[in-house]
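Report on the structure given below.
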Amino acid sequence: MSDYLWDKNGDGDAEVERLERTLQAFAQATPPPPLDLRRRPPARGGFGRGALLIAATLALAVAGAVFTLMERRDTPAWQVTTGGERSMLSVGSWLDTTKGEATLAVADIGTVTVEPGARVRLLSTRSGHHRMELARGTMHATIWAPPNQFFVETPSTLAVDLGCAYTLTVDEDGGGLVTVLVGWVGFTTGDRESFIPAGFIAVTRPGVGPGTPYSERTSEAYRQALALIDFSPGDAGFAPALSRVLDESEERDEVTLWHLLSRVPAAAGRDRVFDRLAAFVPPPTGVTRDGIRAGDRRMLDAWWDALGLGSTSLWRTWSQQWRDDSYRR
């Protein structure tokens, strides 16, 4: 919390600044006289009862305003609009869209439109960090804040906004599907993560986490093959599924291929993924086949950076924060 209330350091709250302007008329225009401890206090009656009443009234007004401000900070809320009616969704409260579509104002950084039949909850909201939960249904998020400020928990993953617009759906079994329209979304569950750029889709499954992102233009057979690779790696159809993905992948599919470098076991064909990705984007200096076989994170990140889609360095910094429970809530 800012120290502005106590010593003017940090950012001032709009309500406090308004209160300061209101009370400015009562400020002393000249500096107070020097304090002389040798002098006796003035005779009783020098400070009238009326002055005491004014001082007490001002003190109560300030205390009341500060209490209201602190209470508002302790119980923040988002504005909800449903069918033209407005209400507030406070931290910890659930919203079930049984009466139709609802629009949530995500503080001052964006909006979330929740389709009918969805269930959402506000988990926390403060400057630089806004977090909600989507238990089921579909939501459309448009966020114009810098990356790493808006988060959505689902039963199978955490969606991290990287400055974008996207649609997120959670089914009755807890599985999820994200379609990114603008910018980026990061999916993370434990050490498993997916980077999903605009024009790509990714699914999630409870107990596993995020699947491999794929382009919107891929075939249904391609998507089914990826689902088998991600969520049924022991299936007898794994090898044919991998062959289909590698054979059908084109230049735009380097995002998919990069994710497969860490998801296809070395013994099951990681070298084949290496060769297919290298045909589109050669591995940068220092990235070796042996290192990729071993799952070297630094080499994987260096190859991602070579795709020209942004650096992983900020993501690595942010991911350390997400693992801090005090930051997450």
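In this structure, does SER215 turn out to be free of Cβ contacts under 8 Å to residues at least 24 places away in the same chain, hydroxyl-bearing (Ser, Thr, Tyr) and surrounded by fewer than 20 Cβ atoms within 10 Å (Cβ to Cβ)? Taking the combined requirement at face value, the residue does not satisfy it.
Hey, among the residues in the stretch 218-233 that are in contact (Cβ under 8 Å) with a residue 12 or more places away in the chain and small (Gly, Ala, Ser), which one's surrounded by the most Cβ atoms within 10 Å (Cβ to Cβ)? Checking each candidate, the answer is ALA225. When the stretch 254-267 is limited to residues that are assigned to a helix (DSSP H, G or I), under 24 Å from ILE201 (Cβ atoms) and aliphatic (A, V, I, L, M), the one that is nearest to the chain's Cα centre (by Cα) turns out to be VAL255.
Remark: pairs (first residue in the stretch 293-319, at pLDDT 90 or above; second residue aromatic (Phe, Trp, Tyr) and surrounded by 14 or more Cβ atoms within 10 Å (Cβ to Cβ); Cβ separation under 6 Å; 6+ apart in sequence or on different chains) = TRP304/TRP258.
Residues in the stretch 164-210 that are among the charged types (D, E, K, R) and in contact (Cβ under 8 Å) with a residue 60 or more places away in the chain: GLU193 alone.
May I ask you to list the residues in the stretch 183-198 that are closer than 20 Å to THR218 by Cβ and not in a loop (DSSP other than H, G, I, E, B)? Across the stretch 183-198, the qualifying residues are TRP184, VAL185, PHE187, SER194, PHE195, ILE196, PRO197. Scanning the stretch 85-104 for residues that are part of a strand (DSSP E or B), more than 19 Å from the chain's Cα centre (by Cα) and of a type outside the set (A, V, I, L, M, F, W, C) returns GLU85, ARG86, SER87, ASP96. Considered as a group, the residues in the stretch 271-287 that are in a loop (DSSP other than H, G, I, E, B) and open to solvent by 60 Å² or more (accessible area, probe 1.4 Å) include one that is farthest from GLU251 (Cα to Cα), and that residue is THR285.
The values are calculated or read from the model by the stated rules, or taken from the named source; none is laboratory data. Nothing here was measured: the structure is a model prediction, and the numbers come from that model. Using ideal geometry, Cβ is built from the backbone for each residue, glycine included, and neighbour counts are taken over all protein chains shown. These accessible areas exclude ligands, DNA and RNA; they are computed on the full protein's heavy atoms, side chains included. Shrake-Rupley method; radii C 1.70, N 1.55, O 1.52, S 1.80 Å.
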